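*Asks:* After the structure tokens below, expect a handful of questions from me.
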Amino acid sequence: VAKWKLAPFLGYAALPVGYVAAMLSPSRHVIWTDNAAVFAFYVFAALAIPFLFIASKNCRWDRLVGDLSYPLYIVHVPAIWLVWANPWLGGKEHGGHVVLGLSLAFSVALYILVDRPVDKWRHWATRRIKETAAAQFKFS
């Protein structure tokens, strides 16, 4: 049984508390207002960040989301162009969910077909260079 730790607990507790604070805010339907509730929400969110990092540092799901962030950034604009150019995919007016789905599918494919093999090769090459260097220094 894992020991109960305060920092991860506070990090996970920050998520629902922050959400409730945002939903109870009188300005939740107004974008970028300057009232105290919005300011308090942003301060609360900023203070929760270190606890969230501690709580999620060993989370595989969080790591996967982080690994997919750059491929998603790379493919989202081509996915938008593809959907906007093809009305049967929804076009500009109704294609938001299709863009999201295509972007996620393309980013997962990019991660599996390019990122992971390159990363494996990089680790292999680094290990090989270290072994070669160590062997040269042993016998010289």
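The values are calculated or read from the model by the stated rules, or taken from the named source; none is laboratory data. Keep in mind that this is a model prediction, so the values were computed, not measured. Every residue, glycine as well, gets a Cβ built from its backbone with ideal geometry; the counts of neighbours run over all protein chains shown. Just the protein is used for accessible areas: all its heavy atoms, side chains included, with ligands, DNA and RNA removed. Shrake-Rupley method; radii C 1.70, N 1.55, O 1.52, S 1.80 Å.
*Asks:* What pairs come out if I take residues in the stretch 65-85 that are surrounded by 12 or more Cβ atoms within 10 Å (Cβ to Cβ) and pair them with residues that are polar (S, T, N, Q) whose C-beta lies under 7 Å away, six or more apart or interchain?
*Replies:* Listed by first residue and then by second, the contacts come to Leu68/Ser107; Pro71/Ser107; Leu72/Ser103; Leu72/Ser107; Val75/Ser103; Val75/Ser107; His76/Ser103; Ala79/Ser103.
*Asks:* Name the residue that is most open to solvent (accessible area, probe 1.4 Å), counting only residues in the stretch 115-138 that are under 14 Å from Tyr70 (Cβ atoms) and out of contact with any Pro (no Cβ under 8 Å at 6 or more places or on another chain).
*Replies:* Arg116
*Asks:* So which pairs qualify, if the first residue must be in the stretch 40-51 and β-branched (Val, Ile, Thr), the second must be in a helix (DSSP H, G or I) and surrounded by 12 or more Cβ atoms within 10 Å (Cβ to Cβ), the Cβ gap must be under 9 Å, and the two must be at least 6 apart or on different chains?
*Replies:* If the second residue must be in a helix (DSSP H, G or I) and surrounded by 12 or more Cβ atoms within 10 Å (Cβ to Cβ), the pairs left are Ile49/Gly11; Ile49/Ala14.
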